[in-house]
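Throughout, read-outs are computed from the coordinates displayed, never taken from laboratory work. On a predicted model such as this, the values are computed, not experimentally measured, just so you know. With ideal geometry, Cβ positions are generated from the backbone for all residues, glycine too; neighbour counts draw on all protein chains shown.
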Amino acid sequence: MGEKTKVVIDTNVIVSAFGWGGKPADVIRLITSGKILNFTSSEMFTELKKVVGYPRLAFSETSQAEIMEIIFNASSIVDIHESVNIIDDDAEDNKILECAISAGAEFVISGDKHLLTLKSFEGIKIVTPEDFIETWSLKK
């Protein structure tokens, strides 16, 4: 088989994986097992730390630390080389696209409607966890 698939996983998918399981958890298992490569940026990592600490998510401090450690150990942090300003409704989503471009990712995996409506950006497919698992399974 060729190179491993490069992805950028949105914070909402990570939170869903650890909070509710399902297909988002399947995506996390693929990165922790080394079957696909996840890329993140320092900005995205900082956002994840903030989000897992939201009281409404009710992750214990231990769980928060474990989530951060798992994602940190299973991801490569890239320097952002290009600024993107395509999503006006939620400018924070542009950071995900910037990371994907800088990493040379094939996929952005997200549950965010602002990103998903794009479908693709500069050759990068933007898909739900469900669609990614289905596509990845067919590629193997």
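Some observations on this one:
- Residue among 52, 13, 78 with the largest mean-square fluctuation in a Gaussian network model of the chain, springs linking Cα atoms under 10 Å: 78
- Between segment 1-35 and segment 57-91, the alpha-carbon center distance in angstrom: 12 Å
- Candidate cross-link partners of residue 50 among the lysines, defined by an alpha-carbon separation under 29 Å and a same-chain spacing of 8 or more, comprise 6, 23, 35, 95, 113, 119, 125.
- P(r) tail for segment 23-140: Cα pairs beyond 23 Å make up 30% of the total.
- Residue of 110, 42, 102 that the Gaussian network model of the chain assigns the largest fluctuation, springs spanning Cα pairs under 10 Å: 42
- Dipole moment magnitude, nearest 20 debye, the chain about Cα centre, only Lys, Arg, Asp, Glu C-beta charged: 560 debye
- Once backbone amide H atoms are built at 1.01 Å from N, residue 9 has 39, 109 as its partners under 5 Å, excluding neighbours fewer than 5 places away on the same chain.
- Top of 49, 113, 95 by mean-square fluctuation, Gaussian network on the chain, Cα under 10 Å: 113
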